[in-house]
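> Attaching a single structure in structure tokens format; questions to follow.
The values are calculated or read from the model by the stated rules, or taken from the named source; none is laboratory data. Only a predicted model underlies this, so the values are computations on that prediction, with no experimental measurement involved. Neighbour counts run over all protein chains shown; Cβ positions are idealised from the backbone, glycine included. Ligands, DNA and RNA are excluded from the accessible area calculation, which covers all protein heavy atoms including side chains. Shrake-Rupley method; radii C 1.70, N 1.55, O 1.52, S 1.80 Å.
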Amino acid sequence: RHRAIARTLKKVQPDVASLQEFEFSGRMTAEFSMLYAEILGSEYARYDLRRTGVKNEGLALLIRKETFQEITVENVALDPSYCDRVAQLVRMKHKQTGRLVTLLNTHLTVAHTSNDFDIPQNRPMQMRQVLELLGTDAAATAAFICADMNCDHLDAESPASDDSPQDFTAADVNEPVHMTFRAGFQSALHTMHPSARPVSHTCSYARDGCVDYIFFRGQGVKPLDAYLYPRDLAMETPWKPELGWSTVAETLSDHRPLIVEFALDK
């Protein structure tokens, strides 16, 4: 699967690739490192960050060497510590325009309805920390958040709550996305396709929906194109257990990759 993902990245040629649920299990870690180095190492610098705790997965960033310079990456442990969630904060300069670019890659805690703290406390706490890391200067820096938000802000149906200690609403679950909007960010996919109801993820513990976001903020930052890969598959396409998104061979993950092209003014 990772060979297929690496080859797809080679084909798509992004300037930045933000990966969540990147594998960190024993022998496979070294094999994956060799694989990505073999296929993408000449063009990209790779930065990995494993989740704290016992989970064998985490985050990875691939940054095109020809596009950016003065790259610094800060590894961040998100609160609360028992959630074992992390983020990668990148500061870099876009060579062509000279613009400063800040990008954060993360994966928020699942919106568990089985407890009374993840939805009302932990998920907003994590998003607040993310937004504080990015600061409030919306003009000087082009800022991006690439994240699995573990919610779909277009889902207006309240989550199933048979085992819930309290009744949560869709607004409760989606609060981290709306916090991001209130901080001046926009979702690239939803900006480009305002009438669409995309599905980027299939899930065994929640309704399928679009949990994957690329948010953007800053003067002179404009999305030119946004789609779920592969482009020729409708964004509303549901997951089929026997086939995946279209065919088993073409399905890279239970998430469909989100691809966005931006224009960046000087």
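> Mind checking which of T237, N115, P223 is farthest towards the positive end of the chain's charge dipole, using Cβ charges of +1 (Lys, Arg) and -1 (Asp, Glu) about the Cα centre?
Of the listed residues, the answer is P223.
> Counting other C-beta atoms within 10 Å, and keeping those with at most 15, which DSSP coil trypsin sites (Lys or Arg not before Pro) do you find in segment 1-86?
On the way: sites: R1, R3, R7, K10, K11, R27, R46, R50, R51, K55, R64, K65, R85; in loops: R1, R51, K55, K65, R85.
Answer by residue number: R1, K55, K65.
> Placing +1 at every Lys and Arg Cβ and -1 at every Asp and Glu Cβ, with all other atoms neutral, what dipole size does the chain have around its Cα centre, in debye to the nearest 20?
Working: 28 positive and 36 negative charges, 241 e Å.
Dipole size: approximately 1160 debye.
> Two decimals is fine: what is log10 I(q)/I(0) at q = 0.09, 0.17 Å⁻¹ for the chain, from a Debye sum with one equal scatterer on every Cα and no solvent?
The computed values of log10 I(q)/I(0) come out as -0.40, -1.60.
> While we're on this one: Which is farthest toward the positive dipole end of segment 61-217 among G184, A170, L62, measuring Cα position about the Cα centre, with Cβ charges +1 (Lys, Arg) and -1 (Asp, Glu)?
About the Cα centre, the residue reaching furthest to the positive side is L62.
> Quick one: give the max-minus-min coordinate of the C-alpha atoms of segment 47-86 along each principal axis, largest first, in Å.
On the principal axes, segment 47-86 reaches 38, 18, 8 Å in Cα extent.
> For labels at D208 and Q69 in the simple 7 Å Cα→Cβ model, what's the distance in nm?
With each label placed 7 Å out from Cα toward Cβ, I get 4.6 nm.
> Here is a further query. P(r) of segment 180-246 in 5 Å steps, Cα pairs, percent per bin?
The percentages, shortest bin first, are 4, 15, 24, 23, 16, 11, 6, 2, 1.
> Moving on. With a point put 7 Å past each Cα toward its Cβ, work out how far V54 is from A160 in nm, to one decimal.
Each label point is offset 7 Å from its Cα along the Cβ direction, giving 2.6 nm.
> Select from segment 206-266 those GluC sites (Glu not before Pro) which occupy a DSSP coil region and have at most 10 other Cβ atoms within 10 Å, ordered by residue number.
In loop regions of segment 206-266 (DSSP not H, G, I, E or B), the sparsely surrounded GluC sites (Glu not before Pro) are E242.
> Would you look at the GNM of the chain, springs on alpha carbons closer than 10 Å, and say which of T106, T72, T251 moves the most?
Among T106, T72, T251, the largest GNM mean-square fluctuation belongs to T72.
> How much length is gained if the chain between A30 and Q13 is pulled fully straight, taking 0.36 nm per residue apart and subtracting their Cα-Cα distance, in nm to one decimal? Let's see the in-between values first.
Working: separation 17, 0.36 × 17 = 6.12 nm, distance 2.35 nm.
This chain segment gains 3.8 nm when fully extended.
> For segment 1-123, what is the accessible area per residue in Å² when the probe is 1.4 Å?
Averaged over the residues of segment 1-123, the accessible area is 47 Å².
> Now for a separate question. Could you check the simple spin-label distance between E132 and T169, using points 7 Å along Cα→Cβ, in nm with one decimal?
Using points 7 Å along Cα→Cβ, the separation is 2.7 nm.
> Report the calculated FRET efficiency for K93 and A249 (r = Cβ-Cβ distance, R0 = 41 Å), to the nearest 0.05.
Step by step, r from the Cβ atoms, then E = 0.55.
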